[in-house]
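**Q** I'd like to ask some things about the structure below.
What follows is calculated from the coordinates using simple rules that are stated; it is not laboratory data. Being a predicted model, the structure only gives us computed values, none of them experimental. Note that we place each Cβ from the backbone using ideal geometry, even for glycine, and neighbour counts take in every protein chain shown.
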Amino acid sequence: MALYAELHRHLGGSVVPRVLWRYFQRHADDKIERFADYAAFEDFYTRPRNTLDEYLELHTLVESVQTIETLPYFVYRLIRGAYIFENLAYLEIRYTPYLRTSEHLTQSQRIEQMAEIVDVVGKASQLSEYPIVTSQILCMHSRLPYEVNRAIVDLAAQKREYVCAVDVAGGDGHYAERLEEFVQLYAYARSLGLNTTGHLYETPAGCYPELLPYLMRIGHGIQIPLLHPELLPDLASRQQCLEVCPTTYLKTGTLQDMRQLKLVFDRCLDAGVDIAICTDNAGLHNVRLPFEYENLLTLDIIDFDELQACQDAAFRHAFAWPYGDRPASLLNGLLKPSLPTGVLAMQD
Ligand SMILES: [Zn+2]
């Protein structure tokens, strides 16, 4: 049994279409009355968009129903699915807590309510029947004001039992006019000892070398090997890992063919830059992590050795995995306790 680590999954995009459809049927059927049946809804929900912005717009549909009251419902189903269908041992869930607060509150009340949201998500992800090590990444957002983003960093520092890092999201083309602000926020996060990742170099419009030194991992980052391979040695020396989410680039119109990722993997692996393969929005795409792996193998983008190297990298770069080893070595001791080490090696 292989157990996996998922480093890049959005809470909003984690809801599979069937679960969302059921939720709407039970609680908000006005949101689905324009769809003739489930198939029409699934087609609308999962079909590719032309741009990253158009794709991100879809997240607002889910955000609108993920409130403080309903979050346990969605988080429970996320963890259950991840355990049963994806063999996850480790999961980092990311979201912008401000966008889950009650809209009728003032900005400062919403900032205050963010702490409750983090607690609700943290408690809802601890399920004894589906034991997965989970942690949260709080996303700053390109469309939120500075004070809110700074409060998100502060909250991450206050809630270390539930939060392992900060991120920036909202479309990487939108940071340009406020770049200095985000550099400052990341410097602040690092000064508090927080782990960092950031949605960068996902699209050709999102290339900001100024932010790179502050990041421990890079959300997507595929435009680095594709357009700026000269940066790869710096990434390798800083031991930065790319979180590559293969299906996303087709859904956002960033790539036309997944085989374009071969260059990404080849150049990174040659330069000694680690890649963790992730789903981004497994629900929205209706593609779970094992299928991301399988697609890359089937299309000859990577081979089995490279896949395992990426799976190992995911555990190595996980911000809150509490063990030194990936689960295979822990399970060997548990499932084959009486066999001497030599026999284990031969069976592998
Ligand atoms: Zn993402």
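**Q** Just name one of Ile301, Ala165, Thr70: the one whose Cα is farthest towards the positive end of the charge dipole of the chain (beta-carbon charges, Lys/Arg +1, Asp/Glu -1).
**A** Thr70
**Q** Could you give the DSSP H helices of the chain that reach 24 angstrom or more along their long axis (alpha carbon positions) and whose average Kyte-Doolittle hydropathy is no lower than -1.0? Each step should come with its number before you reach the end.
**A** On the way: long enough: 107-124 (25 Å, -0.19).
Those that clear 24 Å and a mean of -1.0 are 107-124.
**Q** While we're here: Starting at 0 and stepping by 5 Å, how many percent of the alpha carbon pairs of segment 185-335 end up in each bin?
**A** 2, 9, 18, 22, 21, 15, 9, 4, 1, 0
**Q** Here is a further query. For segment 122-200, which GluC sites (Glu not before Pro) pass both filters: DSSP loop (anything but H, G, I, E, B) and at most 14 other C-beta atoms within 10 Å?
**A** Here the sparse-neighbourhood loop sites are Glu129, Glu161.
**Q** Please give me, ordered by residue number, the GluC sites (Glu not before Pro) of segment 1-71 that lie in loop per DSSP and have at most 13 other Cβ atoms within 10 Å.
**A** Answer by residue number: Glu33, Glu69.
**Q** A further question follows. Return the long-range amide H neighbours of Ser64 (sequence gap of 5 or more, or a different chain), with a cut-off of under 5 Å between placed amide H atoms.
**A** none
**Q** Only Cα pairs within less than 10 Å get springs; with that Gaussian network setup on the chain, which residue of Asn332, Asn286, Asn149 has the largest fluctuation?
**A** Of Asn332, Asn286, Asn149, the Gaussian network model singles out Asn332 as fluctuating most.
**Q** Okay, helix-only estimate at 222 nm for the chain: each DSSP H run of n ≥ 4 adds -39500 (n - 2.57), divide by all residues, round to 500 deg cm²/dmol; what do you get?
**A** After summing the helix terms and dividing by the residues of the chain, the value is -14000 deg cm²/dmol.
**Q** Taking 0.36 nm per residue of separation and subtracting the Cα-Cα distance, what length does fully extending His228 through Ala205 add?
**A** Numbers: separation 23, 0.36 × 23 = 8.28 nm, distance 1.28 nm.
Computed gain between His228 and Ala205 is 7.0 nm.
**Q** Find the centroid of the Cα atoms in segment 95-109 and in segment 216-265, then give the distance between the two in whole Å.
**A** The two parts, judged by their Cα centres, are 32 Å apart.
**Q** Mean-square fluctuation check for the chain, GNM, Cα pairs under 10 Å: which of Leu284, Leu99, Leu335 is largest?
**A** Leu335
**Q** Just how large is the dipole of the chain about the Cα centre, in debye to the nearest 20, putting +1 at every Lys and Arg Cβ and -1 at every Asp and Glu Cβ?
**A** Dipole about the Cα centre, nearest 20: 680 debye.
**Q** To continue, here is another question. Along Cα→Cβ, 7 Å out, is where each label goes; now give me the distance between the ones at Asn295 and Phe44 in nm to one decimal.
**A** 2.3 nm
**Q** Next question, about the same structure. In which sequence would Lys251, Lys262 go, from the one with the fewest C-beta neighbours within 10 Å to the one with the most?
**A** Working: Lys251 23, Lys262 15.
In increasing order of surrounding Cβ atoms, one gets Lys262, Lys251.
**Q** May I ask you to list the trypsin sites (Lys or Arg not before Pro) in segment 175-225 that are in a DSSP loop and have at most 11 other Cβ atoms within 10 Å of their Cβ?
**A** Loop-located and lightly packed - none at all.
**Q** So how far apart, in nm, are the two label points at Ser64 and Leu263 if each is 7 Å from Cα heading toward Cβ?
**A** 3.9 nm
**Q** Right, here's the next one. So what does the Cα-only Debye profile of the chain read at q = 0.08, 0.12 Å⁻¹, as log10 I(q)/I(0), no solvent term?
**A** Debye curve over Cα of the chain, log10 I(q)/I(0) at q = 0.08, 0.12 Å⁻¹: -0.37, -0.86.
**Q** Something else now. If you build the convex hull over the alpha carbons only and average its shadow over all orientations, what do you get for segment 78-195? Give it in nm² to one decimal. Intermediate results must be reported in sequence, preceding the final value.
**A** On the way: hull surface 31.7 nm².
The orientation-averaged projected area of the Cα hull of segment 78-195 comes to 7.9 nm².
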